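One structure below.
The values are calculated or read from the model by the stated rules, or taken from the named source; none is laboratory data. Quantities reported herein were computed from a predicted structural model and do not represent experimental measurements. For neighbour counting, all protein chains shown are included, and Cβ atoms are generated from backbone atoms with ideal geometry for every residue, glycine included.
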Amino acid sequence: MNKLLTALIASLFATAAFAQTPAPATAAPAATPAVVKAEAKADKSTNKAVASEAKTDMKADDKVEKTEVKAAKSKDKAHRKAAQAKAEAGAKVVGADSDDKAKTEAKADKTAAKADEKAEKADIKANTKVAKAKVEANADKAKAKAETDATAAKGNADVKAAAAK
């Protein structure tokens, strides 16, 4: 809830700053009622698009953060399992007869290698999920930015059309 409130406040300030930026130094059209109405409509739709973009950005960042946390837990679990398997294999070596010691050590080494391999594969899988989430988040952010830019451009075109009438 705090993130949503923060995003809305940030978008409010962003739209206020956007609204206060000076217009380009071109010949200003006559402020007819149609032009004023078109400008108000364009500003309203642009502000709405900016707020939507901020919300999309926040959601995308939350998804990435959740994926990173989940990946860290997965990696931790895999490494704990590997350490446990190595410890169990080491305990078997210590408790083995002197005749079977070499054979048990070889088996323990094999078990340790297999445990390390599983942990490494879990790391790779988790890192892949995080990378995929980041790519998707960036794509969502880019789409939202494009939609905001398109809305602003349409508003500007509507204002020009109203001025031309």
Give me a count of the residues in the range 67-86 that are among the basic types (Lys, Arg) and either in contact (Cβ under 8 Å) with a residue 40 or more places away in the chain or outside any helix (DSSP H, G or I) (or both).
3
Could you tell me which of the residues Lys59, Lys92 is in a helix (DSSP H, G or I), farther than 30 Å from Lys165 by Cα and modelled with pLDDT of 95 or more?
Lys59
Quick one: in the range 95-125, which of the residues that are small (Gly, Ala, Ser) and either in contact with a His (Cβ under 6 Å, 6 or more places away or on another chain) or part of a helix (DSSP H, G or I) (or both) is nearest to Glu136 (Cα to Cα)?
Ala122
